[in-house]
Amino acid sequence: MTTAASTSQHASSTMMAGSGSSSSNTTTPSSSAVRALAMEYKSLQEEPVEGFRVKLINDDNLFEWEVAIFGPPDTLYQGGYFKAHMKFPHDYPYSPPTIRFLTKVWHPNVYENGDLCISILHPPVDDPQSGELPCERWNPTQNVRTILLSVISLLNEPNTFSPANVDASVMYRRWRDSQGKDHDYPNIIRKQALAANAEAKREGIVVPMTLEDYCLKPARKPTADSALDANFYDDDFDLETEDDLPTDDDDFDDEDEDEGEGEGEDDDSASASISKNNGNAKSKNNGLAVADDAESADDSGKGETT
């Protein structure tokens with residue numbers, strides 16, 4: 001399949017050839033439209049959005065896409081595989097694209113021929129009779145992602161104030177007002193969703209049936225700029241962990257140790273003093289005892305002489 005970049009180059013060369021033959025040719029795609037569509041298509045291929053897939057109808061034409069919309073789980077459209085064509089004007093994004101369903105869709109905002117009627121795809125003109133505010137209409141900040149996400153939301157929450165299919169709108173309101181007791185509208189939708197699911201199986205398409213599968217996105221590959229060495233901090237820095245950080249209990253333990261050391265020193269000093277005093281006392285007592293013994297000896301000598 002041709003890449004978006006090669007498609008963009010081919011479209012640009014076609015545009016330049018057309019401008020050389022007639023500078024006033026309004027059907028010639030603008031270079032800004034080619035660039036915008038090439039970037040959007042590449043982005044959707046690299047990072048798909050849940051709920052839909054896109055591809056080019058013709059690899060050499062960026063202005064016509066085939067869109068596959070998956071019915072959201074837990075709705076009447078669950079399991080559905082609804083295909084549509086999306087056509088972009090040559091002055092995109094200054095003008096909105098158009099969407100036509102190829103799969104049969106019974107919906108208040110889808111015409112019988114499959115054309116989708118949604119505010120976001122209406123040109124930004126002042127039309128009081130439409131009941132739409134200018135801010136609800138198209139503006140150049142919109143893109144394929146926002147368009148298709150709005151379409152998916154519209155499937156389950158149709159706009160019945162200005163319906164494209166009056167019969168479907170009346171049937172939807174009757175079902176809604178009956179709080180599900182009227183089954184005409186849901187029966188038609190479910191029958192169409194089952195038929196679309198069977199077509200998906202024939203094409204080898206796996207339709208997501210659960211919210212987990214529906215919202216699953218592919219993991220983005222880390223780039224060289226954003227990738228960091230997991231051991232970067234461990235190699236260059238010795239970071240303290242919570243166990244290494246000082247706490248109030250540690251302060252109390254240090255104070256207790258200091259007090260314990262001080263008390264130990266005081267006890268040692270007191271013991272030394274007591275021992276010294278005892279030594280002195282013993283020395284004095286020993287001296288006195290010697291003196292007494294000497295006196296006794298003298299007395300004994302005197303007695304013997306007498």
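Annotations
- For region 113-126, the criterion of being open to solvent by 60 Å² or more (accessible area, probe 1.4 Å), in contact (Cβ under 8 Å) with a residue 12 or more places away in the chain and charged (D, E, K, R) is met by no residue.
- Any hit, region 139-146, residues being crowded, with 16+ Cβ neighbours inside 10 Å and more than 24 Å from the chain's Cα centre (by Cα): no
- Matching residues in region 194-212 - criterion: being surrounded by fewer than 12 Cβ atoms within 10 Å (Cβ to Cβ) and under 12 Å from LYS83 (Cβ atoms): GLU203
- Members of region 137-150 that are outside any loop (DSSP other than H, G, I, E, B) and of a type in the set (Lys, Arg): ARG145
- Of the residues making up region 38-74, those that are open to solvent by less than 30 Å² (accessible area, probe 1.4 Å), assigned to a loop (DSSP other than H, G, I, E, B) and out of contact with any strand residue (DSSP E or B) (no Cβ under 6 Å at 6 or more places or on another chain) are VAL49, LEU62, PHE63, GLY71, PRO72, PRO73.
- Screening LYS104, LYS87 for residues that are over 15 Å from GLU40 (Cβ atoms) and either surrounded by fewer than 16 Cβ atoms within 10 Å (Cβ to Cβ) or β-branched (Val, Ile, Thr) (or both) leaves exactly one candidate, LYS104.
- Residue in region 93-113 that is polar (S, T, N, Q), over 30 Å from the mean Cα position of the chain (by Cα) and not in a loop (DSSP other than H, G, I, E, B) present: yes
- Tally of residues being assigned to a helix (DSSP H, G or I), polar (S, T, N, Q), open to solvent by less than 40 Å² (accessible area, probe 1.4 Å) and at pLDDT below 95 across region 151-193: 0
- Of all the residues in region 167-196, those that are closer than 19 Å to GLY79 by Cβ and among the polar types (S, T, N, Q) number 2.
- Tally, over region 145-159, of residues that are more than 16 Å from MET171 (Cα to Cα) and of a type outside the set (A, V, I, L, M): 4
The values are calculated or read from the model by the stated rules, or taken from the named source; none is laboratory data. Please read all numbers here as calculations on a predicted model, not as lab measurements. Cβ sites come from the backbone with ideal geometry, for glycine too, and all protein chains shown count toward neighbours. Keep in mind that these areas ignore ligands, DNA and RNA; they rest on the heavy atoms of the full protein, side chains included. Shrake-Rupley method; radii C 1.70, N 1.55, O 1.52, S 1.80 Å.
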